[in-house]
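Input: a single structure, listed below in structure tokens.
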Amino acid sequence: MSILRERDFLRFFGAQAISMFGDRMVAVALAFAVLELGGSATDVGTVLAMRALPLIACLLVGGVVADRTSRRRVLVSADLVRLVSQGALAALLILGRPSVLAIGLLAGATGAAGGFAAPATTGLLPEVVAPERLPDANGLRATAFSAGELGGPLLSGLLVATAGAGWALGVDAMTFGVSAALLVGLRGASGRRAATGESFLSDLRDGWKAFRSRRWLWTFVVWASVANLLFGAWKVLGPVLAHRELGGPATWGLIVAAMGVGTIAGGILALRIRPQHPMFVVAATASLFSAPLGALAATRSAPVIAFGSLLAGLGLMFGNTLWETTLQRHVPPDSLSRVSSYDWFGSLALDPVGLAIWGPIAAVIGIGASLWTAFALLLTGVVALLAVPEIRRLPAAPAERLPEMTRT
């Protein structure tokens, strides 16, 4: 693939690959760090929510900053902040027994930096590659995510089981250092943008107008927000069941890694399939996101649960890759990071709520009933999403660029 011969893309791709690998280690390491300290399902959810809330809170500001300044510098700065915060958390866990509050606060600092990084990443890629190469670039980025989904939880589960959660988080901290070093060397990405003459709030409002004017965009983001709330049942109750009944962190690491196998398949599909109506395909494959919830509710067989995790990974990666390319093609470059920040903000808005509520809900109605409820509601949401005409009919690119597209 010729894009792999482009120096800037290789550096961007390498930075994404290494940081995504580290990110995929965190969910396993954080959850079992809390459980090893005697924490409950509610404590696990609280720590994960404390990580998610600052991320969400910084997304909109991060989108405006990325559109007004150098996206490369935003990403490098975010990587350095996460290097320090994750390194400090790793040291605390290795050297002592920190409180749940201390773990949550440092996880929150990492999340805040992620809130600046996410919209900057979406906006930076079109600066690094030509428009016609975006599908290939996003497909390869998907493979990096897939490798992280597979290898990150496996290594994290192994390190947690043998050495402790602190060592897993220490490895994650180092990945941010490597990512920053790679991004510093980008040559083609633009530096500081020309001043628009508008205030910060005006830029924020303009981003909102661009976001809300596209029904296919905001309806999908609403669905994603609800889906993340419901998937909190998997994130919170899964490690608890693994701790009690499935063999502990190593088994849970394998189950989560199966999602990585699915993302590899999804990334390969995204490289090969270029649908004429991508959002319809994105919505249809979103149904696979319910598979691990149903499997975890129905059985305590680790292979069956892992297969459900695999299906979710396939649907997630295939759909997300199509989504990123669609967003980058239908939204003007000068407002892309701001629109992306509303995408991230909306998609993750209910994530901390989901992380916080499923522990208490399970304490009242039971873990099995909680998982079945989340499963049924998620599938209902997919049906509602497919009923939106713009979701079914949006072309792969704006009308003036359709002749450039090839259909497979």
For the chain, the longest principal axis of the Cα atoms and the Cα long axis of helix 302-330 enclose an angle in degrees, to the nearest 10, of 20 degrees
Residues other than residue 122 with Cβ under 14 Å of its Cβ, Lys/Arg counted +1 and Asp/Glu -1, net out at 0
Net charge (Lys, Arg +1; Asp, Glu -1) of residues whose beta-carbon lies under 15 Å from that of residue 223, residue 223 excluded, is 0
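Using Cα pairs closer than 8 Å and at least 6 residues apart in sequence, work out the relative contact order for the chain, in percent.
Values: 771 pairs, mean separation 107.3, N = 408.
For the chain, the relative contact order is 26 percent.
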Stokes-Einstein, Kirkwood over Cα pairs, region 12-138, 25 °C, 0.890 mPa s; D in µm²/s equals 158 µm²/s
With a Förster distance of 51 angstrom and the Cβ-Cβ distance between residue 393 and residue 97, calculated FRET efficiency to the nearest 0.05 equals 0.35
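Please compute the contact order of region 274-396 in relative form: average sequence separation of alpha-carbon pairs under 8 Å and at least six residues apart, divided by the residue count, as a percent. Before the final figure, lay out each step's value.
On the way: 109 pairs, mean separation 56.3, N = 123.
Computed value for region 274-396: 46 percent relative contact order.
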About its Cα centre, the chain carries a charge dipole, from +1 on Lys and Arg Cβ atoms and -1 on Asp and Glu Cβ atoms, whose size in debye to the nearest 20 is 540 debye
Whole-percent tail of the Cα-Cα distance distribution for region 139-266, cut at 26 Å, equals 49 percent
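So if we plug the beta-carbon distance of residue 215 and residue 40 into 1/(1 + (r/R0)^6) with R0 = 25 Å, what FRET efficiency do we get, rounded to 0.05? Walk me through the numbers on the way to the answer.
On the way: r = 42 Å, r/R0 = 1.67.
It comes to 0.05.
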Per the charge dipole of the chain (beta-carbon charges, Lys/Arg positive, Asp/Glu negative, Cα centre), the residue among 318, 26, 250 reaching farthest to the positive end is 318
Output ordering of 222-230, 37-45, 364-372, 153-161 (per-residue mean of other Cβ within 10 Å, highest first) is 153-161, 222-230, 37-45, 364-372
Output row, site residue 4, 7 Å Cα→C-beta label point, backbone N cut-off 19 Å, window region 132-163, residues 133-151
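Looking only at Cα atoms, what is the convex hull volume of the chain per residue, in Å³?
Working: hull volume 50.8 nm³, N = 408.
Per residue, the Cα convex hull of the chain comes to 124 Å³.
What dipole magnitude, in Debye to the nearest 20, does region 36-106 give about its Cα centre under +1 on Lys/Arg Cβ and -1 on Asp/Glu Cβ?
Details: 7 positive and 4 negative charges, 70 e Å.
Its charge dipole is roughly 340 debye.
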Taking max minus min of the Cα coordinates of region 221-298 on each principal axis, largest first, gives extents in Å of 47, 27, 19
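Let me check I've understood the local charge: for residue 112, count other residues with C-beta under 15 angstrom from its C-beta, Lys and Arg +1, Asp and Glu -1. What total comes out?
Details: positive: 51, 82; negative: 23, 79, 351.
That works out to -1.
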Distance in Å, no decimals, from the C-alpha centre of region 328-369 to the one of region 141-178 is 23 Å
Burial-style ranking of 248-261, 100-113, average other-beta-carbon count within 10 Å with highest first, yields 248-261, 100-113
Between the residues 131, 166, 380, the Cα farthest towards the positive end of the dipole of the chain, that dipole coming from +1 and -1 charges on the beta-carbon of Lys, Arg, Asp and Glu, is from 131
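Bear in mind that the values in this text are calculations on the coordinates, not laboratory data. Everything numeric in this text was worked out from a predicted model, so none of it was measured. Quick reminder, even Gly has a Cβ in these numbers, built from the backbone with ideal geometry, and neighbours come from all protein chains shown.
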